[in-house]
Amino acid sequence: MHKVYDFPKSREAFAHACEVIPSGIYGHQGPAEGCYIPIEAFPLYSQKAQGSYLWDLDGNRFIDYMCAYGPNILGYNDPDVDEAAARQRAISDCTTLPNPIMIDFADLLVDTVASADWAFFAKNGNDATTGAVMCARAHTHRKKLVFFKGYYHGVSPWTQKIDYAGVIPEDVENNIYVDWNDYDQLAQVFEDNKDEIAAVIAQPYMHGNFADNIFPAKDFWAKVRKLCDNAGTVLIVDDVRAGFRMDLAGSDHYFGFEADLICFCKALANGYNVSAICGKKHMMNAMSSLSFTGSYWMSAVPFAAGIACIEKMKRINCPQLLIDKGQKLKDGLLETAKKYDYDLHVTGMPSLFYLRIADDPTLMLHQEWVAECVKRGIFITNHHNHFINASLSDEDIKETIEIADEAFAIIKDRHS
């Protein structure tokens, strides 16, 4: 049996944080988001990380399947990436004039990403998706955007919902929402909005939160690509979450088509803060026309880290490595769940997987199982995708399955 953790120092730190920081921990990493239920089962602050492991403020060690919500693709503190970043930091980072390493990074992305003729850099995934939408509107001189229901493309007002705090009707009045994989519905939207749709923006497959993940139907992307071409509409792929976990040439390449614009962030530099919009040649002038920048967008250290990260991912064939590790974990979890007669769903790519115990539609049973896993050293969350990183070992996977087994046994006994 594995030790059951408790988190007194996290609780103390959070109480202090709530006095000086809105929500204590805001955004997707905070307890208000809904992925940490019940709250008492989760640590809230970390003190260090290495490889596949995260240590919380109380010194508890976790095998981390959130991977900083995606950026940790090679392993925390990867020596090759950190060394490249340190070398650049000794020369310069954020300076009045950009360092030409920015050009080297753009060259590498153009050589790596199948649909890329150029690269534009920012800091967050939200920067990349917002810049791509602005570029599409500048290119087409149109307003309307098409989203697939269940999407997540960032936190700017244009990508939120009308009932979200701080969002006004004008922010979203040009948004159109269609069902994922429903090509006929999408085609009808284009028919009803001729010469008005600036862009379709979508994840490469539906990997939203709070629901099983769904791959595109056969020929779906080929048909969407043709529909956009015929209408003069820009096709944007949001690869912020899935990028490089399926295909180093881009997730559009994995599914056999090319986006006009593709957005990267999370795995781009193994945790160093940089994001990128890559695009086709015909979109370059529109991107150049934007008034869109930031104080730290040309800092050199993340560019060096990004180069080292991509080069290492190529050397180790990272997407296949992650898929193989994820498949081994998936098979073990499914076998363990079956042992206790639970219907565990593991959906999406094995390198970017979503978990759900389907026996209880309220999701309470699933949340109980997750809580028992977390309290024993497996950091997963209730309703978000999970991530594989290259440093995850067979021993880590074995320990994960052992703890999952303990957690299944506990909830089976509790509800017998």
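So in the chain, what percent of DSSP beta bridges are antiparallel if you round to the nearest 5?
60
What percent do you get for the relative contact order of the chain when only Cα pairs under 8 Å and 6+ apart count?
Relative contact order of the chain: 23 percent.
To the nearest µm²/s, what D does Stokes-Einstein give for the chain at 37 °C and 0.692 mPa s, using the Kirkwood radius over alpha carbon pairs as Rh?
Diffusion coefficient, whole number: 147 µm²/s.
Over all alpha-carbon pairs of the range 290-331, lay out the pair-distance distribution in 5 Å bins, whole %, shortest bin first.
P(r) over the range 290-331, rounded to whole percents: 6, 17, 15, 14, 13, 12, 11, 8, 3, 1.
Stokes-Einstein at 10 °C, 1.306 mPa s, Kirkwood radius from Cα pairs: D for the range 121-225 in µm² s⁻¹?
For these conditions, the coefficient is 108 µm²/s.
Per residue, what volume in Å³ does the convex hull of the Cα atoms of the range 344-393 enclose?
In the range 344-393, the Cα hull volume divided by residue count equals 78 Å³.
Compute the convex hull volume of the Cα atoms of the range 333-416, divide it by the residue count, and report the result per residue in Å³ as a whole number.
Hull volume normalised by residue count: 89 Å³.
List the relative contact order of the range 187-257 as a percent without decimals, with contacts defined as Cα pairs under 8 Å and 6+ residues apart.
36
I need the Debye-formula profile for the range 38-99: one equal scatterer per C-alpha, no solvent, reported as log10 I(q)/I(0) at q = 0.22, 0.23, 0.24, 0.29 1/Å, two decimals.
Calculated log10 I(q)/I(0) at the listed q: -0.92, -0.95, -0.99, -1.18.
Restricting to DSSP loop positions (anything but H, G, I, E, B) with no more than 15 other Cβ atoms inside 10 Å of their own Cβ, which trypsin sites (Lys or Arg not before Pro) remain in the range 114-183?
Qualifying residues, ordered by number: Lys143, Lys149, Lys161.
Just to be sure I follow: if Rg is taken over the C-alpha atoms of the range 121-161 and Rh is the Kirkwood radius over the same atoms, what is Rg/Rh?
0.96
Please report the net charge: other residues with Cβ closer than 12 Å to the Cβ of Val237, K and R +1, D and E -1.
Here the charged neighbours net out to -3.
Give a residue-ordered list of calculated ³J(HN,Hα) values for the range 270-287 (Karplus: 6.51 cos²θ - 1.76 cosθ + 1.60, θ = phi - 60°; whole Hz; x for Gly, Pro).
6, x, 6, 7, 8, 10, 8, 9, 10, x, 7, 4, 5, 9, 5, 5, 5, 5
Computed on alpha carbon atoms, what radius of gyration and Dmax characterise the range 214-370, expressed in Å?
In order Rg, Dmax, the Cα atoms of the range 214-370 give 19.3, 59 Å.
Which one of Ala119, Ala138, Ala13 has the biggest mean-square fluctuation once the chain is modelled by GNM with Cα springs under 10 Å?
The residue with the greatest mean-square fluctuation here is Ala13.
Quick one, could you list the DSSP H helices from the chain stretching 18 Å or more along their long axis (Cα atoms) with average Kyte-Doolittle hydropathy of 0.5 or above?
Span-like helices, by this rule, are 300-315.
So what is the 222 nm mean residue ellipticity for the chain from helices alone, if each DSSP H run of at least 4 adds -39500 (n - 2.57) and you divide by all residues, rounding to the nearest 500 deg cm²/dmol?
One gets -11500 deg cm²/dmol as the mean residue ellipticity at 222 nm.
For the range 367-414, what's the relative contact order in percent, using C-alpha pairs closer than 8 Å and at least 6 residues apart?
Dividing the mean separation by the residue count of the range 367-414 yields 53 percent.
How much area per residue is accessible in the range 322-416 when the probe is 1.4 Å and only protein heavy atoms are counted (Å²)?
Per residue, the range 322-416 has an accessible area of 36 Å².
Solvent-accessible area of Arg376, probe 1.4 Å, all protein chains present, reported in Å² to the nearest ten, please.
Roll a 1.4 Å probe over it and Arg376 shows about 20 Å².
The values are calculated or read from the model by the stated rules, or taken from the named source; none is laboratory data. On a predicted model such as this, the values are computed, not experimentally measured, just so you know. Positions of Cβ are backbone-derived with ideal geometry, glycine not excepted, and every protein chain shown enters the neighbour counts. SASA here: full protein model, heavy atoms, side chains in, ligands and nucleic acids out. Shrake-Rupley method; radii C 1.70, N 1.55, O 1.52, S 1.80 Å.
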